[in-house]
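Student: Attaching a single structure in structure tokens format; questions to follow.
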Amino acid sequence: MKAAGLGCLGFVLGAIVGGVIGVALGFVWINVFNTSDFEGYSGMLVFFTFMPIGAILGGLLGAAALAAVALRVEPAPPSRETKNPPN
């Protein structure tokens, strides 16, 4: 249950971060390749192409990362057994 909850949280947070990164990469793309601004083409390219791709990839990576953290097994603490217990 812990893995599912953290996986969902990772998906949401990863999608937000991935969307922001996608928009930033889209702005870089239109500046480097001098994409036309005619009738909002460059804006549509950024927000209909780069943002969804970034959100999908970010969501999947975020879900996988937090689910892996939740499934990590911690080592058991050392036992307190004594070699010769008193009578």
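Student: Hey, can you tell me all the residues within the range 65-79 that are over 27 Å from residue 27 (Cβ atoms) and in contact (Cβ under 8 Å) with a residue 24 or more places away in the chain?
Tutor: 66, 67, 69, 70, 71 - these are the residues of the range 65-79 that are over 27 Å from residue 27 (Cβ atoms) and in contact (Cβ under 8 Å) with a residue 24 or more places away in the chain.
Student: Between 57, 66, which is surrounded by 10 or more Cβ atoms within 10 Å (Cβ to Cβ) and modelled with pLDDT of 95 or more?
Tutor: Residue meeting the stated conditions: 57.
Student: Right, next: Quick one: what pairs do we get from the range 10-36, first residue polar (S, T, N, Q), second loosely packed, with under 13 Cβ neighbours inside 10 Å, C-beta under 9 Å, 6+ apart or different chains?
Tutor: 35/41
Student: In the range 8-36, which residue that is out of contact with any helix residue (DSSP H, G or I) (no Cβ under 8 Å at 6 or more places or on another chain) and surrounded by fewer than 13 Cβ atoms within 10 Å (Cβ to Cβ) is farthest from residue 70 (Cα to Cα)?
Tutor: First, the residues of the range 8-36 that are out of contact with any helix residue (DSSP H, G or I) (no Cβ under 8 Å at 6 or more places or on another chain): 24, 28, 31-34.
Subsequent filtering for residues that are surrounded by fewer than 13 Cβ atoms within 10 Å (Cβ to Cβ) retains 28, 31-34.
On the way: 28: 35, 31: 40, 32: 40, 33: 42, 34: 44 Å.
Looking at the filtered set, the residue picked out is 34.
The values are calculated or read from the model by the stated rules, or taken from the named source; none is laboratory data. The shown structure was predicted, so the numbers you read here are calculated from the model rather than taken from an experiment. Positions of Cβ are backbone-derived with ideal geometry, glycine not excepted, and every protein chain shown enters the neighbour counts.
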